[in-house]
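Heads up, the thing below is written out as structure tokens.
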Amino acid sequence: MASEQAPARPGFNPLVVIPVFDHEHAIATMVEGVLAADVPCLLVDDGSGAACARELDRLAALHAPRVGLLRLPVNQGKGGAVLAGFRQAGGEGYSHVLQIDADGQHDPADIPRFLALARAHPDDVVCGVPRYDASVPKGRLYGRYLTHVWVWINTLSFAIRDSMCGFRVYPLPPVLRLMDEETIGLRMDFDVEVLVRLFWRGIVVHNLPTRVTYPLDGVSHFDVWRDNVRISRMHTRLFFGMLRRLPRLLVRRAAVAS
């Protein structure tokens, strides 16, 4: 069931969207952190099991109307859940979505910093740049740099410092247009692909350092084999997309350099 939010205010009107899949042990802490920032929140239940579904029902009832719940009948993947949250936010009149993960790896105390930068640059994306502690798996850490290199190639730019961090703020109108006009990966390829495609459309990216730990509830849904194959295919699609856009990207790069 979707949220019953207060009427939308004109201007900058953000909603926090949290995709949730079996994070029943961490999600209450994340919701408390979001509410401490005085921002409404939409939990997107991505086909979770019974225990997590009960916890999401409890949180939505306890904190209504500030916390809403959108339930997907079957698991869509992280990207599918976030895209569903975008649609819901757009239908409820919000101007921006702040995306944050459910597992506790992101610090909700940074939400005011992200929203302040988004308010100052309402047409742009604000993207988290992780500051890791010792909890980060070294394989994941090193693997991220390969994706960073491909993103720099596919954008002909170093403007995106980290394309995999799921803590970011999107302006909704260009994201909804992108969703209507192109296909975006629905799983762990989502965070990278949506950012590159928005960059191709001229959206400016602001990078904001933020503390990241791994993860509060010990649950990770990253499948080393399947998700790495999926991400590799995505980089291939983006590379050929970059080649089609090469003249425009070179003009943009020259304009930035000058």
Beyond 29 Å, the calculated P(r) of the chain holds a percent of Cα-Cα pairs equal to 26
Taking r as the C-beta separation of residue 152 and residue 183 and R0 as 25 Å, the FRET efficiency to the nearest 0.05 is 0.60
For residue 127, the net charge from surrounding residues (Cβ-Cβ under 13 Å; K, R +1; D, E -1) works out to -1
For the chain the mean separation of alpha carbon contacts under 8 Å (6+ apart) over residue count, i.e. relative contact order in percent, is 23
In whole Hz, the Karplus estimates of ³J(HN,Hα) for segment 233-250 (6.51, -1.76, 1.60; θ = phi - 60°; x where Gly or Pro) are 5, 4, 4, 5, 4, 5, 4, 5, x, 5, 4, 5, 9, 3, x, 5, 5, 5
Given chymotrypsin sites (Phe, Trp or Tyr not before Pro), DSSP loops and at most 15 other Cβ atoms within 10 Å, the longest exposed-site-free stretch of the chain is 13-157
The set of residues whose placed amide H lies less than 5 Å from the amide H of residue 129, leaving out same-chain residues fewer than 5 positions away, is 208, 210
Expressed in nanometres to one decimal, the distance between label points 7 Å along Cα→Cβ at residue 254 and residue 201 is 2.6
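Every read-out reported here was derived from the displayed coordinates using simple, explicitly stated rules and does not represent laboratory data. Given the structure is predicted, the values throughout are model-derived calculations rather than measurements. Methodologically, a virtual Cβ is constructed for each residue, glycine included, from the backbone with ideal geometry; neighbour enumeration extends over all protein chains shown.
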